[in-house]
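Right, one structure below, let's go through it.
The values are calculated or read from the model by the stated rules, or taken from the named source; none is laboratory data. Keep in mind that what you see is a predicted model, and the values were worked out from it rather than measured. Using ideal geometry, Cβ is built from the backbone for each residue, glycine included, and neighbour counts are taken over all protein chains shown.
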Amino acid sequence: MEIKLTQTVQKGGCAAKIPAETLREILGQLDFSIQDPNVLIDGRDFDDAGIYRINDSIALVQTLDFFTPIVDTPRAFGKIAAANALSDVYAMGGIPKTAMAILAFPSSALEPNVLKEVMEGALSKIREAKCSLIGGHSIDDETLKFGLSVTGTVNPQSIWSNTGARTGDHLILTKAIGTGTLCAGLKNGDFAESDIQDAIESMSQLNQIQDLLSPEELHSIHAATDITGFGIAGHSYQLARASKVTLALELSSIPLFEKTLESIRAENLTRAHHSNRIYTENHCRVLGKPAKEQLLSFFDPQTSGGLLLSVDADHSAVLLKKIQSRFPRASIIGRVLPHQGHELQLHD
């Protein structure tokens, strides 16, 4: 009997994240002060990974990410989970080097072959990234969860973070939006995997762009983040807040998957659509009257979404053309303004 993985869980992928507002409230009560001067980036600005300096030319990039199934096919789930975890290293300007698996597996409910397929899918992405799986940890649990802890390297002078966006920069998004609603539609039975293949292929794609760009072009990227469970809205807000700027975003320029708006109209929504809106609405000024479904796409929780890059305007056209050779849906979706009293400015 074929088991559809999305039917074994209540929430899937990055839509299962704890709401960002809740995280900020809890983490804000903790003392993150660090004595070690080699810690260059920690969690205080909601960056995608931590950075630890080894010497003047090498720093470690450290991250982990895991979640419940977002698609039905085990091999596809493994690919997406691995690509999503590796993405955090790419989002900091780093290169993944080693990975360790994080696994919770319901051995009484799922056949061992399901685990084999998940791992084979993950390994295909780890190898593609020229990264090495060197171990991991597993437990027997009621719900399947899988992901990776990843270590990469980066030159300390070439780190991308949430804090570097500059007034005048252009904003490039490398992947289309809509995985939250489309995978909700899959779980709800409105779609088969074949109906949302563009989204599944996008979620499985590594966010590697460094090899496409020259050193000068890489230097023109001032800030970056990857778009995951908090959506374009939440991750843009965190970047703008950390950089003390306002991001002016054009809704009509944000690329969407073929069935994104159709799925939103069918009310394939998650709890994260609501929590992402709550998280950002007091920091966002909406200009014009965007359609309801277009606005909801702004809050759509992504799994293994694209990179959002804040790029020197003089280099953005060249960067975009090179990035589109691998990410054809990549687009310039806005620009960076001096702080306007709010972090996000949304145009229809």
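Here is a yes/no grid of residues against (1) loosely packed, with under 12 Cβ neighbours inside 10 Å; (2) on the phi < 0 side of the Ramachandran plot; (3) under 17 Å from the mean Cα position of the chain (by Cα); (4) not basic (Lys, Arg):
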{"residue": "Val9", "(1), (2), (3), (4)": "no, yes, no, yes"}
{"residue": "Leu27", "(1), (2), (3), (4)": "no, yes, no, yes"}
{"residue": "Pro37", "(1), (2), (3), (4)": "yes, yes, no, yes"}
{"residue": "Arg53", "(1), (2), (3), (4)": "no, yes, no, no"}
{"residue": "Val61", "(1), (2), (3), (4)": "no, yes, yes, yes"}
{"residue": "Ser87", "(1), (2), (3), (4)": "no, yes, yes, yes"}
| Which of (1) of a type in the set (Gly, Ala, Ser); (2) surrounded by fewer than 22 Cβ atoms within 10 Å (Cβ to Cβ); (3) out of contact with any strand residue (DSSP E or B) (no Cβ under 9 Å at 6 or more places or on another chain); (4) at pLDDT 95 or above is the odd one out, the single condition Ala83 does not satisfy? | (2)
| query | Within the stretch 59-69, is there a residue that is farther than 19 Å from Glu128 by Cβ and of a type in the set (Asp, Glu)? | reply | no
| the stretch 144-163: number of residues that are part of a loop (DSSP other than H, G, I, E, B) and either touching a helix residue (DSSP H, G or I) at 6+ places or on another chain (Cβ under 9 Å) or surrounded by 16 or more Cβ atoms within 10 Å (Cβ to Cβ) (or both) | 6
| Matching residues in the stretch 189-208 - criterion: being of a type in the set (Gly, Ala, Ser) and outside any loop (DSSP other than H, G, I, E, B) | Ser194, Ala199, Ser202, Ser204
| query | What tally of residues in the stretch 174-215 results from selecting those that are among the aliphatic types (A, V, I, L, M) and either outside the structural domain of Ala272 (by TED's automatic domain parsing) or without any contact (Cβ under 8 Å) to a residue 24 or more places away in the chain (or both)? | reply | 1
| Within the bounds of the stretch 224-237, is there any residue that is at pLDDT 95 or above, of a type in the set (Asp, Glu) and buried (at least 19 other Cβ atoms within 10 Å of the Cβ)? | yes
| message | Can you tell me which of (1) in contact with a helix residue (DSSP H, G or I) (Cβ under 9 Å, 6 or more places away or on another chain); (2) farther than 22 Å from Leu337 by Cα is the one Gly136 doesn't meet? | response | (1)
| task | Can you work out which of the residues in the stretch 39-51 that are out of contact with any Gly (no Cβ under 8 Å at 6 or more places or on another chain) and surrounded by fewer than 21 Cβ atoms within 10 Å (Cβ to Cβ) is nearest to Ala122 (Cα to Cα)? | result | Phe46
| message | For a quick check of your reading of the model, give me the residue pairs whose first member lies in the stretch 303-331 and is farther than 11 Å from Ile209 by Cα and in contact (Cβ under 8 Å) with a residue 24 or more places away in the chain, whose second is in a helix (DSSP H, G or I) and β-branched (Val, Ile, Thr), with beta-carbon atoms closer than 7 Å and at least 6 apart or on different chains. | response | Thr303/Ile80; Thr303/Thr179; Ser304/Ile80; Gly305/Thr179; Ala330/Ile323
| said: Condition check: crowded, with 22+ Cβ neighbours inside 10 Å and not assigned by TED's automatic domain parsing to the domain that holds Tyr237. Does Thr98 satisfy that? | reply: no
| request: Could you grab the pairs with beta carbons closer than 7 Å, sequence gap of 6+ or different chains, first residue in the stretch 104-128 and in a loop (DSSP other than H, G, I, E, B), second one surrounded by 20 or more Cβ atoms within 10 Å (Cβ to Cβ)? | output: Pro106/Leu144; Leu110/Leu144
| Residues of the stretch 129-143 satisfying the condition of being assigned to a strand (DSSP E or B) and touching a residue at least 40 places away in the same chain (Cβ under 8 Å) | none
| Among the residues of the stretch 11-25 satisfying the criterion of being surrounded by 13 or more Cβ atoms within 10 Å (Cβ to Cβ) and not in a helix (DSSP H, G or I), which is modelled with the lowest pLDDT? | Gly12
